[in-house]
Amino acid sequence: MAKGNLTYWRENSFYINPTSRCINDCLFCVRQFGEGVFGFNLVLDEDPSTEELVMEIEETWKPEFNDVAIVGFGEPLLNLEGTIAAVRKMRELSTVPIRMNTNGQALLLYPSRNVAQELADAGLDRIQISLNAHDSETYLRLCQPKLGRTAYDSILEFAMKCKPLMRVELSAVDIPGVDIEACRGIAERMGVEFRVRIFKGPDGALNGILRTLTSG
Ligand code: SF4
């Protein structure tokens, strides 16, 4: 059994945590500053099986929740089977729209699968894809993707694959060194939504991030 919380919640929002692993190491990530959010420990010692995840969803879901999100303490697509099973289970339990946050590198992770279609078939309504940078160089510095230089373009391509299937939103964290208006322009040209996210790290961390982004 995976230790750490597989689901968590605040007010009427219900969140599902399929994994705490990630293939990025974003300088602004909440993982840099703690072990969870809203008082829940979200660090898992291993990914849950699909059965464990579905059982935890069944046990902790309450009908008064009116917002469901697959937002793990890592990249949900790394536990793709768990994520798909979680979306299916939520679709059984409720008609509440289901959204998911991802770093959007599905095409590199699963080149032979149509992940966008699989998520749509399971019942995902909305995908929030972290663009986080106005160009690939800034993305490399800010997000440090293990999959390398091609990650940024693959994110844009994945977003276009999702677009005919569900609501798509690109996002970027508002931190120095990221051209938010340029990110917004990319989303507009692609015909998808755009959201600016607030940096949630401690005061003072932004200076270190800016130094990394502008060094060398
Ligand atoms: S992609 Fe998301 S979970 Fe992964 S390091 Fe970046 S912010 Fe954190």
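The values are calculated or read from the model by the stated rules, or taken from the named source; none is laboratory data. Please read these numbers as outputs of a predicted model, since none were measured by experiment. Because the Cβ atoms are built from the backbone with ideal geometry, glycine has one as well, and the counts that use them run over all protein chains shown.
Can you tell me which residue among PHE38, PHE28 is under 24 Å from ILE127 (Cβ atoms), crowded, with 17+ Cβ neighbours inside 10 Å and not aliphatic (A, V, I, L, M)?
Exactly one residue qualifies, and that residue is PHE28.
For region 139-153, a tally of residues being in contact (Cβ under 8 Å) with a residue 24 or more places away in the chain and either surrounded by 19 or more Cβ atoms within 10 Å (Cβ to Cβ) or on the phi > 0 side of the Ramachandran plot (or both) returns 5.
The residue that is nearest to the ligand (Cβ to nearest atom), counting only those in region 90-110 that are crowded, with 23+ Cβ neighbours inside 10 Å and assigned to a helix (DSSP H, G or I), is ALA106. Only one of the numbered conditions (1) at pLDDT below 95; (2) within 24 Å of LEU170 (Cα to Cα) is violated by ALA2, and that is (2). Taking (1) surrounded by 20 or more Cβ atoms within 10 Å (Cβ to Cβ); (2) among the hydrophobic types (A, V, I, L, M, F, W, C); (3) more than 25 Å from VAL37 (Cβ to Cβ) in turn, LEU165 satisfies each apart from (1).
Conditions (1) of a type outside the set (D, E, K, R); (2) away from the ligand (no atom under 13 Å from the Cβ), marked per residue:
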| position | (1), (2) |
| --- | --- |
| THR19 | yes, no |
| PHE33 | yes, no |
| LEU42 | yes, no |
| GLU56 | no, yes |
| VAL68 | yes, yes |
| LEU77 | yes, no |
